[in-house]
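> Okay, here's the structure, questions in a sec.
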Amino acid sequence: MRGKRGQQHTDTRAGPLMPPMPCGYVKENWLWERNEQCPSIQLSPGRQEVYFHTDPVLESCGTAAVRGDTGFLQGEHYWEIEFLEPPSGLSVMVGVGTSRAPLYAGSFQYLNLLGLDADSWGLSYKGKIWHNGIGKRYAEPFYEERTVIGVHLNMEEGTLTFYKDRQSLGFAFTGLHKVQTPLFPMVSSTSPGTELALGLRCCTLPTLEERCLSTLACNLTRKDSADLLPLPEVVRWKLKSRKNWDVLGHEQ
């Protein structure tokens with residue numbers, strides 16, 4: 001990949017590229033989606049790097065975002081965003097959003113665009129997470145060049161977890177399984193010179209059994225309601241043993 005507006009850059013971190021996912025994951029090759037209607041964004045030829053607010057005269061006149069060209073409705077997905085320049089300005093964000101999430105706020109509106117409404121969820125470099133216009137403290141701010149933010153989207157459990165330099169920051173959001181529409185990777189920035197690069201991208205898809213158990217769990221109001229279902233005992237046990245009951249917020 002190339003960053004710094006054309007300079008070669010390589011991953012210098014030690015250790016294997018091991019995503020925080022079960023064995024059996026496969027690599028994904030999605031890229032940033034072109035948006036000719038937003039002049040504040042430029043993509044590299046391979047669409048793996050995005051450059052924000054590059055006009056040398058206007059610089060930044062608002063907030064811009066870009067999304068991946070693939071949305072996710074099932075399975076677990078993990079990807080990494082590398083900050084090729086130190087983040088600065090009011091907001092530089094990493095997260096996810098539906099196809100309805102806005103990609104631009106002009107007229108000198110400098111916003112936390114990911115999480116501005118109910119259609120996106122985002123993490124700011126200042127350490128706050130945002131959704132539906134509400135922000136809350138989540139992690140320590142990060143200002144360093146080459147910081148890598150990992151995003152783990154688990155559509156079976158409905159959770160979104162961020163990683164900093166491959167260290168988990170904990171659950172940021174839950175309940176995303178209730179959205180029932182594909183979620184796309186997104187990044188946004190208010191700051192001129194923001195340069196972000198795609199890194200590792202991979203996924204693991206659930207088995208048919210896991211998908212059935214997930215559907216049942218999402219429609220039960222209580223954990224012990226599984227005992228009332230006309231299912232084999234072993235299936236009821238698996239349903240009650242699913243690790244996402246607490247995450248989904250069901251009553252015990």
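The values are calculated or read from the model by the stated rules, or taken from the named source; none is laboratory data. For clarity, every value in this text was computed on a predicted model and none was experimentally measured. Here Cβ is always computed from backbone atoms with ideal geometry, including for glycine, and neighbour counts include all displayed protein chains. For the accessible areas, the whole protein counts, side chains as well, though only heavy atoms, and no ligand, DNA or RNA atoms are used. Shrake-Rupley method; radii C 1.70, N 1.55, O 1.52, S 1.80 Å.
> Residue by residue through the range 194-231, note down the ones that are polar (S, T, N, Q) and either open to solvent by 70 Å² or more (accessible area, probe 1.4 Å) or within 23 Å of Gln180 (Cα to Cα) (or both). Before the answer, list the steps.
Initially, the range 194-231 is screened for residues polar (S, T, N, Q), giving 194, 204, 207, 214-215, 219, 221, 225.
If the condition is that a residue be polar (S, T, N, Q) and either open to solvent by 70 Å² or more (accessible area, probe 1.4 Å) or within 23 Å of Gln180 (Cα to Cα) (or both), then Thr204, Thr207, Ser214, Thr215, Asn219, Thr221 are the ones that fit.
> Still on this structure, I have one more. Name the single residue that is modelled with the highest pLDDT among those in the range 193-237 being among the small types (Gly, Ala, Ser) and touching a His at 6+ places or on another chain (Cβ under 8 Å).
Of the range 193-237, the ones among the small types (Gly, Ala, Ser) are 193, 197, 199, 214, 217, 225-226.
Imposing the further condition that a residue be touching a His at 6+ places or on another chain (Cβ under 8 Å) reduces the set to 193, 197, 214, 217.
Details: Gly193: 84, Ala197: 97, Ser214: 72, Ala217: 74.
Here the residue is Ala197.
> A further question on this structure: Report, ordered by the first and then the second residue, all pairs with beta carbons closer than 7 Å, sequence separation of six or more or different chains, a first member in the range 171-188 that is over 17 Å from Gly75 (Cβ atoms), and a second member that is open to solvent by 30 Å² or more (accessible area, probe 1.4 Å) and basic (Lys, Arg).
Here the result reads Met186/Arg67, each pair linking the range 171-188 to a residue that is open to solvent by 30 Å² or more (accessible area, probe 1.4 Å) and basic (Lys, Arg).
> Just one of the numbered conditions (1) assigned to a loop (DSSP other than H, G, I, E, B); (2) aromatic (Phe, Trp, Tyr); (3) surrounded by 21 or more Cβ atoms within 10 Å (Cβ to Cβ) is not true of Tyr78; which one?
(1)
> Let me ask something else. Confirm whether Gly158 is within 15 Å of Met93 (Cα to Cα) and either open to solvent by less than 10 Å² (accessible area, probe 1.4 Å) or without any contact (Cβ under 8 Å) to a residue 24 or more places away in the chain (or both). Break it down into steps so the answer makes sense when it comes.
Numbers: within 15 Å of Met93 (Cα to Cα): no; either open to solvent by less than 10 Å² (accessible area, probe 1.4 Å) or without any contact (Cβ under 8 Å) to a residue 24 or more places away in the chain (or both): yes.
Against the criterion (within 15 Å of Met93 (Cα to Cα) and either open to solvent by less than 10 Å² (accessible area, probe 1.4 Å) or without any contact (Cβ under 8 Å) to a residue 24 or more places away in the chain (or both)), Gly158 does not qualify.
> Moving to a separate point now. Enumerate the pairs (first residue in the range 114-126 and at positive phi; second residue anywhere and surrounded by fewer than 24 Cβ atoms within 10 Å (Cβ to Cβ) and part of a loop (DSSP other than H, G, I, E, B)) with beta-carbon separation below 8 Å, excluding pairs fewer than 6 apart on the same chain, so at least 6 apart or on different chains.
Qualifying pairs under 8 Å: Gly115/Asn132; Gly115/Gly133.
Quick grid of which residues meet (1) in a loop (DSSP other than H, G, I, E, B); (2) in contact with a Pro (Cβ under 6 Å, 6 or more places away or on another chain); (3) modelled with pLDDT under 90; (4) farther than 22 Å from Met93 by Cα:
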position: Arg13; (1), (2), (3), (4): yes, no, yes, yes
position: Met21; (1), (2), (3), (4): yes, no, yes, yes
position: Asn29; (1), (2), (3), (4): yes, no, no, no
position: Pro39; (1), (2), (3), (4): yes, no, yes, no
position: Arg47; (1), (2), (3), (4): yes, no, no, no
position: Ala64; (1), (2), (3), (4): no, no, no, no
position: Gln74; (1), (2), (3), (4): yes, no, yes, yes
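> Looking at Gln167, Gln180 in this structure, which one is under 22 Å from Arg67 (Cα atoms), modelled with pLDDT of 80 or more and either touching a Pro at 6+ places or on another chain (Cβ under 6 Å) or open to solvent by 50 Å² or more (accessible area, probe 1.4 Å) (or both)? Break it down into steps so the answer makes sense when it comes.
Working: Gln167 fails: under 22 Å from Arg67 (Cα atoms).
The conditions single out Gln180.
> Kindly provide the set of residues from the range 84-130 that are modelled with pLDDT under 95, aliphatic (A, V, I, L, M) and open to solvent by less than 20 Å² (accessible area, probe 1.4 Å), ordered by number.
Ala105
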